[in-house]
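Here's the structure we're looking at; comments come further down.
The values are calculated or read from the model by the stated rules, or taken from the named source; none is laboratory data. Please read these numbers as outputs of a predicted model, since none were measured by experiment. As a convention, Cβ positions derive from the backbone with ideal geometry for all residues, glycine included, and neighbour counts pool all protein chains shown. Keep in mind that these areas ignore ligands, DNA and RNA; they rest on the heavy atoms of the full protein, side chains included. Shrake-Rupley method; radii C 1.70, N 1.55, O 1.52, S 1.80 Å.
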Amino acid sequence: MDVRRDELWQTLLAMGFAPQTAAVGAYSGIALDAHVFERGVYHTKAAELVLQFLLTRLDGERFRREFFDCWPIGDPRQAREFRARAFKWVDEARQISVERADGQWVRDVPVRRSFMDECRGARFEDILWALAQFVAVALLQKGGEWAPYIKHPLEPSAGLEPA
């Protein structure tokens, strides 16, 4: 699980997720890090931010269309509606990938509504990990803007000089 947790966090950062700027307003005070869904008390709010980021990166126009009345989240009803719509979209992505047998969605990661409602634990982290991988592949296939924010470990600026 730790490998997937680390990969999830690194993939989010590589796609431009900025924890410092994401946790503002109603989301201020959330410690967004790789362990937020394991031990964080604000796991639901953190899940909303991560799901919003990933779904927006996947298709920003669709996100604006489908979540216009529940994002940003202002009350518990909107939070439930947000998770319900996010679940449908994530499950749709999984189903399409499985039907195409393209390998974009990892087969050992089921998408269950109960995992999305809890927004915590290893199973939920697996869903986010699989979604992050799915979004990353989709972005690479689009060939559009892909701005990695993480330095390659062998670049001189990362502190290692090539041999």
Practice problem: Keeping all protein chains in position, work out how much accessible area His35 exposes to a 1.4 Å probe, and write it in Å² to the nearest 10. | Solution: 60 Å²
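What's the longest uninterrupted piece of the chain once you rule out the chymotrypsin sites (Phe, Trp or Tyr not before Pro) that are loop residues per DSSP with at most 15 other Cβ within 10 Å?
Numbers: sites that count: Phe68, Trp146, Tyr149.
For chymotrypsin sites (Phe, Trp or Tyr not before Pro) (loop position, at most 15 other Cβ atoms within 10 Å), the longest site-free span of the chain is 69-145.
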Quiz item: Under a 1.4 Å probe, what is the accessible area of the chain per residue, stated in Å²?
Solution: 56 Å²
Quiz item: Using θ = phi - 60° and the Karplus form 6.51 cos²θ - 1.76 cosθ + 1.60, what ³J(HN,Hα) does each residue of the stretch 105-111 get, whole Hz, x for Gly and Pro?
Solution: 9, 5, 4, 7, 10, x, 10
Exercise. Calculate, for Val137 and Glu66, the FRET efficiency according to 1/(1 + (r/R0)^6) with r their C-beta to C-beta distance and R0 22 Å; round to the nearest 0.05.
Key: 0.55
Quiz item: Which of the trypsin sites (Lys or Arg not before Pro) found in the stretch 23-118 are in a DSSP loop and have at most 14 neighbouring Cβ atoms, other than their own, within 10 Å?
Solution: Arg107, Arg112
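Keeping the other protein chains in place, figure out the carbon and sulfur percent of the accessible area of the chain, with a 1.4 Å probe.
Working: 4810 of 9060 Å².
Heavy-atom surface of the chain belonging to carbon and sulfur, 1.4 Å probe: 53 percent.
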Quiz item: Hey, can you list the DSSP H helices of the chain whose Cα span along the axis is 15 Å or longer and whose average Kyte-Doolittle score is at least 0.0?
Solution: 43-58, 121-142
